Amino acid sequence: MSDIKTAIVTAAAGAGIGAAIARQLAADGMRVIITDLHEGRMVKLSEELSRVVGTECPWYRLDVSDHAAVEDVFNQVAGRYGRIDVLVNNAGWSKIEPVAEMSLETWQKCIDIDLTGTFSCIRHALPHMIAANSGSIVNISSISGWEMTTEHGAAYSAAKAGVMALTRVAAAENGKHGIRVNAIAPGLIYNDFLRRIYPDDFFDGYLAKKAFLDRLGQPEDVAHLVSFLVSEKAGYVTGEVYGVSGGVHPHA
Ligand SMILES: NC(=O)c1ccc[n+]([C@@H]2O[C@H](COP(=O)([O-])OP(=O)(O)OC[C@H]3O[C@@H](n4cnc5c(N)ncnc54)[C@H](O)[C@@H]3O)[C@@H](O)[C@H]2O)c1
């Protein structure tokens, strides 16, 4: 069995939150296994993480909406390293269509990736965590699961609200096994892809009108909270959803 903690991060090869979480957990000294739908940047990131941790941090191509493929990858990881200590469910997808015009395909794809994909990863990590009587899971939800945000669409909002409910029940069922399950609800977190899809003045307007902290959220802002939630310092924290929005969507 590997003598260092093993973490799986889904959708870690994108431009945003997943890669930042992978880098943070590697900096925390964990072997980070990155997965994503596309091979894309995974090879480079895996090499970078392996250098930081000083041991192999492999990558797997994985569509989280493929239940059997998730089982296969998680069993491979557990077989290779003997442990899955941390799981971060970061994979997400959305397409904005008003409900009155939304295709069943859009609805189903969003639920399949954002909600069922999160379920599948939890489902196939838990047997390994239960056997070890220890583990920590963090699900990346969204403020759209709490609040009405038409710019994200109904399928995405419903899926992310589902992730919050899934988090609470999975936490309740597995606390007795020493497993903690929490979720994070980010507000707008900047990445270059979003810069391409939002109007030019969106980010400045967003800051001027809304953010208490007078800056945009960065992927590292989410990664730092993940780092805390999976650490011993959060040993009595489970079944919670934490907002990360710079005060744009306060839930105090
Ligand atoms: N960026 C934001 O403003 C924001 C806000 C709230 C919540 N979130 C959530 O944070 C997470 C990360 O978002 P991000 O914006 O940082 O994007 P990101 O850069 O992490 O990219 C998303 C990744 O998801 C991957 N992906 C898509 N479909 C997949 C599938 N079927 N299986 C596996 N991977 C798949 C893509 O390949 C991509 O790498 C998502 O769950 C998103 O819903 C983001």
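Worth a mention:
For every residue, the table says whether it meets (1) acidic (Asp, Glu); (2) touching a residue at least 60 places away in the same chain (Cβ under 8 Å).
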{"position": "28", "(1), (2)": "yes, yes"}
{"position": "38", "(1), (2)": "no, no"}
{"position": "45", "(1), (2)": "no, no"}
{"position": "56", "(1), (2)": "yes, no"}
{"position": "61", "(1), (2)": "no, no"}
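- Residue in the stretch 205-244 that is surrounded by the fewest Cβ atoms within 10 Å (Cβ to Cβ), counting only those that are small (Gly, Ala, Ser) and at pLDDT 95 or above: 235
- Options 248, 222, 241, 237: the member that is of a type in the set (A, V, I, L, M) and in contact with a Pro (Cβ under 9 Å, 6 or more places away or on another chain): 222
- Residue in the stretch 140-158 that is in contact with a Leu (Cβ under 8 Å, 6 or more places away or on another chain), closer than 17 Å to residue 11 by Cα and in contact (Cβ under 8 Å) with a residue 24 or more places away in the chain present: no
- All conditions in (1) among the charged types (D, E, K, R); (2) in contact (Cβ under 8 Å) with a residue 40 or more places away in the chain; (3) on the phi > 0 side of the Ramachandran plot hold for residue 180, with the sole exception of (3).
- Against the numbered list (1) over 17 Å from residue 136 (Cβ atoms); (2) within 14 Å of the ligand (Cβ to nearest atom), residue 8 comes up short only at (1).
- Neighbours by Cβ (under 9 Å, 6+ apart or cross-chain): first from the stretch 80-97, closer than 28 Å to residue 108 by Cα; second at pLDDT below 95 and not in a loop (DSSP other than H, G, I, E, B): 94/152; 96/150; 96/151; 96/152
- Count of the stretch 178-201 residues which are farther than 17 Å from residue 114 by Cα, more than 7 Å from the ligand (Cβ to nearest atom) and either surrounded by 15 or more Cβ atoms within 10 Å (Cβ to Cβ) or of a type in the set (Phe, Trp, Tyr) (or both): 4
- Residue-level check: of (1) over 15 Å from the mean Cα position of the chain (by Cα); (2) under 28 Å from residue 104 (Cα atoms); (3) without any contact (Cβ under 8 Å) to a residue 40 or more places away in the chain, residue 204 misses just (2).
- Considering only residues in the stretch 217-252 that are of a type in the set (A, V, I, L, M, F, W, C) and away from the ligand (no atom under 14 Å from the Cβ), the one that is farthest from residue 139 (Cα to Cα) turns out to be 252.
- Of the criteria (1) more than 10 Å from the ligand (Cβ to nearest atom); (2) over 16 Å from the mean Cα position of the chain (by Cα), which one residue 152 fails: (1)
- Qualifying residue in the stretch 115-137 (condition: out of contact with any Phe, Trp or Tyr (no Cβ under 7 Å at 6 or more places or on another chain), within 12 Å of the ligand (Cβ to nearest atom) and of a type in the set (Phe, Trp, Tyr)): no
- Applying the criterion of at least 3 residues that are within 18 Å of residue 11 (Cα to Cα) to the helices (runs of 4 or more DSSP H) found wholly in the stretch 27-123 leaves 42-53, 67-81.
- Within the stretch 12-21, considering residues that are farther than 16 Å from residue 58 by Cβ and within 7 Å of the ligand (Cβ to nearest atom), the one surrounded by the fewest Cβ atoms within 10 Å (Cβ to Cβ): 15
The values are calculated or read from the model by the stated rules, or taken from the named source; none is laboratory data. Note that the structure is a prediction, hence the values are computed from the model and not measured. Cβ: placed from backbone, ideal geometry, glycine included. Neighbour counts: every protein chain shown.
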